[in-house]
Structures are given as C-alpha cells and as structure tokens.
Amino acid sequence: GFVPGLFGTSHGALQFMAYEDLKLRYNKYRNRVSDTKLNTVEYIMMAAVSKIFAVSATYPYQVVRARLQDQHNTYSGLFDVIHRTWR
C-alpha cells in the first residue's frame with residue numbers, strides 16, 4: 001500500500017493543472033488577457049470544476065490503495081485487488 005500511496009500526490013497536481021487550464025481557456029473565451037483576475041464566482045467555479053476533475057481521476061486509485069493497506073484481507077497483488085473490487 002505504500003507505493004500506491006505515493007501516487008496520492010497526483011491529486012493536487014491534477015487539480016492545479018486543471019484549474020490553470022480552465023482559467024486560461026475561460027479568459028481566452030472572454031477575449032481577455034490570459035492572466036486577468038477572475039471575480040469571486042468565477043474563482044469558485046474554476047476551483048469546483050478542477051476539484052471534480054481531480055477527484056474523478058484519482059478516487060479509483062484511492063479505493064485500491066485503501067484495500068491494499070487493509071490488514072483484514074489478503075490479496076495476491078494489485079491486479080487481484082482491482083479484480084475483486086470490480087466484482
């Protein structure tokens with residue numbers, strides 16, 4: 001469970017990447033300079049959408065990691081966890 005736990009850092013990286021990309025695309029759509037400050041509602045929307053993206057991308061891995069770290073079940077490896085979870 002330790003090695004898959006290291007992949008958890010990807011959640012924040014994905015969220016930040018999505019946030020910056022959304023902000024850039026939104027400003028381009030609104031015909032504004034790319035580093036134009038957003039208003040409060042725009043910031044909240046960009047943060048919410050980027051968080052949803054990051055959670056959707058990393059949540060399945062979180063389930064596998066938690067099951068690998070579970071002391072009450074034994075698995076023969078990563079693919080066994082994925083297969084049994086899918087079933």
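Probe 1.4 Å, all protein chains in place: accessible area of Val64 in Å², nearest 10?
20 Å²
Need the full-extension length gain, Val63 to Leu6, defined as separation in residues times 0.36 nm minus the C-alpha distance. One decimal, nm.
Roughly 19.1 nm would be gained on extension.
Can you give the relative contact order of the chain as a percent, counting alpha carbon pairs under 8 Å and 6+ residues apart?
Across the chain, relative contact order equals 37 percent.
Let me check something: with ligands and nucleic acids excluded, how do Glu20, Glu42 order by accessible area (1.4 Å probe), largest to smallest?
Result of the area sort, largest leading: Glu20, Glu42.
Using Cα atoms only, what is the angle between the long axis of helix 40-69 and the major principal axis of the chain, expressed in degrees (0 to 90) to the nearest 10?
Helix 40-69 sits roughly 10 degrees off the main axis of the chain.
Which value, in Å² rounded to 10, gives the accessible area of His83 with a 1.4 Å probe and all protein chains present?
Here the residue's solvent-accessible area equals roughly 100 Å².
What residue among Ser34, Ser56, Ser76 has the largest mean-square fluctuation in a Gaussian network model of the chain, using Cα springs under 10 Å?
Sorting by GNM fluctuation, first place goes to Ser76.
Which value, to two decimals, describes the C-alpha radius of gyration of the chain once divided by 2.2 N^0.38 Å?
1.50
Using alpha carbons only, how many degrees (0 to 90, rounded to 10) separate the axis of helix 10-29 from the longest principal axis of the chain?
The answer is roughly 20 degrees.
Calculate, in nm to one decimal, what Ser76 and Lys37 gain on full extension: separation in residues at 0.36 nm each, minus their alpha carbon distance.
That works out to 8.9 nm of additional length.
Please work out how much accessible surface Thr85 shows to a 1.4 Å probe, ignoring ligands, DNA and RNA, in Å² rounded to 10.
Ignoring ligands and nucleic acids, Thr85 comes out at about 50 Å².
For Asp80, Asp21, Asp35, write out the residues from largest to smallest accessible area, computed with a 1.4 angstrom probe and no ligands counted.
If we order Asp80, Asp21, Asp35 from most to least accessible, we get Asp35, Asp21, Asp80.
The values are calculated or read from the model by the stated rules, or taken from the named source; none is laboratory data. Values in this document were obtained by computation on a predicted structure and should not be read as measured data. Protein only, heavy atoms only, side chains kept; ligands, DNA and RNA dropped before computing areas. Shrake-Rupley method; radii C 1.70, N 1.55, O 1.52, S 1.80 Å.
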